[in-house]
Amino acid sequence: MAKIGVAIAVPEPWGSELREHRMATGDPQAEGVPTHVTLLAPVEIADTAMGGVEEHLARVAVRHAPFTLHLRGTGTFRPITEVVFVAVAAGISECERLAASVRTGPLTYEARFPYHPHVTVAHDVAPEQADRVYDQLAGYEARFGVSEFVLYAHWGDGVWRVQRRFPLSVER
């Protein structure tokens, strides 16, 4: 069995910058999780299903155009979950449409929470660490183009690795 996730990778220099903030909070997942905006939360699939998942994601990618993502400020899901994040200020509807398309076919599942695009910077850390990163990144801002999404996978070690990249390109 593989655990997979589908996400928009946050490019450099912002990806490393936000990951460093996450690591500084003591977040136990910071080392193994690339900086990203989730499209499909982690799910387990049979290794034999990977080919069908990749075919599905390739079909999804050609139905969506590249777009600009604007990150600005912080938010939190507290007290529901102990998560602090950098908020998506623009590109929200594009993320929502892309996530909805990804979560069809072989990746149809019932989400635990409503979809809310964001970049996690603290998860399951001490409240004072969560408060600190929330305040530190309150004025954070980054803007970049999104031209692809990524299928990540791991096989039990908790380190997410790029399985395949899917370029966005509306078919004509």
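In terms of other Cβ atoms within 10 Å, VAL133, VAL162 run from fewest to most in the order VAL162, VAL133.
Candidates GLY5, SER101, VAL119 compared by Cα position along the dipole of segment 2-167: farthest toward the positive end lies SER101, with charges placed on Cβ.
Per-residue ellipticity at 222 nm computed for the chain from its helices equals -7500 deg cm²/dmol, with DSSP H segments shorter than 4 residues left out and the rest contributing -39,500 (n - 2.57). A Cβ-based charge dipole, computed about the Cα centre of the chain with Lys and Arg at +1 and Asp and Glu at -1, lands at about 540 debye. With Cα atoms defining each centre, segment 117-172 and segment 1-67 are spaced 7 Å apart in the structure. Working from Cα pairs under 8 Å separated by at least six residues, relative contact order for the chain is 35 percent.
Each value in this text was obtained by applying a stated rule to the coordinates, not by laboratory testing. Everything quoted here is computed from the prediction, not taken from an experiment. Note: ideal-geometry Cβ built from the backbone for every residue, glycine included; neighbour counts use all protein chains shown.
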